[in-house]
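None of the figures in this text is laboratory data; all of them are computed from the coordinates on show. All of these numbers come straight from a predicted model, not from anything done at the bench. Because the Cβ atoms are built from the backbone with ideal geometry, glycine has one as well, and the counts that use them run over all protein chains shown.
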Amino acid sequence: MAAAGLGRRAHGAEVRARREDLRSGAGAGLYDGRVFGLIRNRRRRKILATESIPDVHWDAALEAVPVLRMLDDGERARLRDLSLLLLREKRLEPAGGLALDESMRVRIAALACLPILELGLDCYDGFASVIVYPDEFVVPGREEVDEAGVVHVGDDVLSGESREFGPVILAWEDVEASGQGEGYNVVAHEFAHKLDLLDGAVNGLPPLHRDMRVSEWTDVFQAAYDELVEQLERGEEPWIDPYAAENPGEFFAVCTELFFDVPLDLQIAYPALYRQLAAYYRQDPAARVRRPRERRIS
Ligand code: ZN
């Protein structure tokens, strides 16, 4: 099975980390941070107490995205709250002539919040805006260094991008293709890069929870990554999108797409990888797929 017909489109990520920049960005002292957190939590509680995403837009998002319909009632209510807060705290900006209406904003927010359903919105603190183009967009004059150290300058055509310290950029056409249960999810992909970046490097290793082991994560991901690279070297067509073989950061982002979009397939094909992702995201989307259908729909 092709993991993602559309997934072969290019994604981009700003890969190089600058730890010193991260430190200076966190320049506010611990005390300031706490006060800010209290103010923000109060503001969030107020928003949740006084506002809600209108049914018409929320229902439209669920209707359009099968993966979201898998959530149980409690998960869906939490996703709706998170989506509202994301819409209040981030700027969603249209670009390239796109008309971005409320229903589209809600759908983007819901897709963006699915990975952080159990992690919390603070994970997305590192950026302020999401830019949405109508379809694939061109990033001109990007420099790339090849294995021989030669710098190539060329235009990149992308369906999504996460800029370090900058916005998430999405193509609406690819947002529409995301979360359809077909293994493609550009929104989960780009926001996974943001989670990966939380420890300062897009390297396929986000900051793990205390009950997880870095060595286990690294062993499992490295083995699956090596297997993909070997399959490609043998000229085979792998189940995982070959784009994942670009680097470990892309591998984590592509596996995140599979985890939320075709969880059962991922669990069967890569059980250890699935377990690591389930422990990290604190979600078990394969269990959602297994749940009897009548219990999914409220
Ligand atoms: Zn990527």
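As an exercise, identify the GluC sites (Glu not before Pro) in the stretch 113-208 lying in DSSP coil whose Cβ has no more than 13 other Cβ atoms within 10 Å.
Details: sites: Glu118, Glu136, Glu143, Glu144, Glu147, Glu161, Glu164, Glu173, Glu176, Glu182, Glu190; in loops: Glu118, Glu136, Glu147, Glu164, Glu182.
For GluC sites (Glu not before Pro) across the stretch 113-208 that sit outside H, G, I, E and B with at most 13 neighbouring Cβ atoms in 10 Å, the list reads Glu118, Glu147.
What do you get for Rg/Rh of the stretch 91-192 when both radii come from the Cα atoms and Rh is the Kirkwood radius? List each step's numbers first, then the result.
Values: Rg = 14.8 Å, Rh = 14.6 Å.
That ratio is 1.01, to two decimals.
So between Ile268 and Asp125, what do we pick up on full extension, going 0.36 nm a residue minus the alpha carbon distance?
Details: separation 143, 0.36 × 143 = 51.48 nm, distance 3.38 nm.
Stretched out fully, the Ile268 to Asp125 stretch lengthens by 48.1 nm.
I'd like the distance separating the alpha-carbon centroids of the stretch 216-270 and the stretch 136-165, in whole Å.
First find each Cα centre; the distance between them is then 22 Å.
Each residue of the stretch 240-253 in turn: what ³J(HN,Hα) in whole Hz from Karplus with 6.51, -1.76, 1.60 and θ = phi - 60°, glycine and Pro shown as x?
Calculated HN-Hα couplings, in order: 7, 3, x, 4, 4, 7, 4, 5, x, x, 5, 4, 4, 5 Hz.
Anyone know which of Arg45, Arg91, Arg105 comes out most mobile in the 10 Å Cα GNM of the chain?
Comparing Arg45, Arg91, Arg105 in a Gaussian network model of the chain, the most mobile one is Arg45.
If amide hydrogens are placed 1.01 Å from N in the peptide plane, which non-local residues have theirs closer than 5 Å to the one on Glu93?
Placed amide hydrogens put Val130, Ile131, Val132 under 5 Å from Glu93.
Tell me which residues come under 5 Å, amide H to amide H, from Glu136 once H is placed; ignore anything under 5 positions away on its chain.
Answer set, sorted by chain and number: none.
Under a 10 Å cutoff between Cα atoms, tell me which one of Ala224, Ala148, Ala60 has the largest fluctuation in the Gaussian network model of the chain.
Top of the fluctuation ranking is Ala148.
Which order results if Lys90, Lys194, Lys46 are arranged by neighbouring Cβ count within 10 Å, fewest first?
On the way: Lys90 20, Lys194 24, Lys46 10.
Ranked by crowding around the Cβ, least crowded first: Lys46, Lys90, Lys194.
What list of ³J(HN,Hα) values in whole Hz, one per residue of the stretch 113-129 in order, does the Karplus curve 6.51 cos²θ - 1.76 cosθ + 1.60 (θ = phi - 60°) give from phi, with Gly and Pro shown as x?
Karplus values, whole Hz, x for Gly and Pro: 8, 4, x, 9, 3, 10, 9, x, 5, 4, 4, 9, 5, x, 8, 10, 9.
I'd like the trypsin sites (Lys or Arg not before Pro) in the stretch 215-298 restricted to DSSP loop residues with at most 15 other Cβ atoms within 10 Å, sorted by number.
Numbers: sites: Arg234, Arg275, Arg282, Arg288, Arg290, Arg293, Arg295, Arg296; in loops: Arg234, Arg282, Arg296.
The qualifying sites are Arg234, Arg282, Arg296.
Would the chain count as rounded, prolate or oblate if I go by the C-alpha gyration tensor, calling it rounded below 1.5 in a/c and otherwise prolate when a/b exceeds b/c, oblate otherwise? Intermediate values should be presented prior to the final figure.
Working: a/c = 1.34, a/b = 1.16, b/c = 1.15.
Rounded is the answer for the chain, as its axis ratio a/c remains below 1.5.
Report, in deg cm²/dmol and to the nearest 500, the calculated mean residue ellipticity at 222 nm for the chain, where each DSSP H run with n ≥ 4 adds -39500 (n - 2.57) and the sum is divided by the residue count.
Values: 13 runs with 145 residues, N = 298.
Dividing the helical sum by the residues of the chain leaves -15000 deg cm²/dmol.
Rounded to the nearest 5, what % of DSSP beta bridges with both residues in the chain are antiparallel? Please report the intermediate quantities before stating the final value.
Numbers: 10 of 20 bridges.
Within the chain, antiparallel bridges account for around 50 percent of the total.
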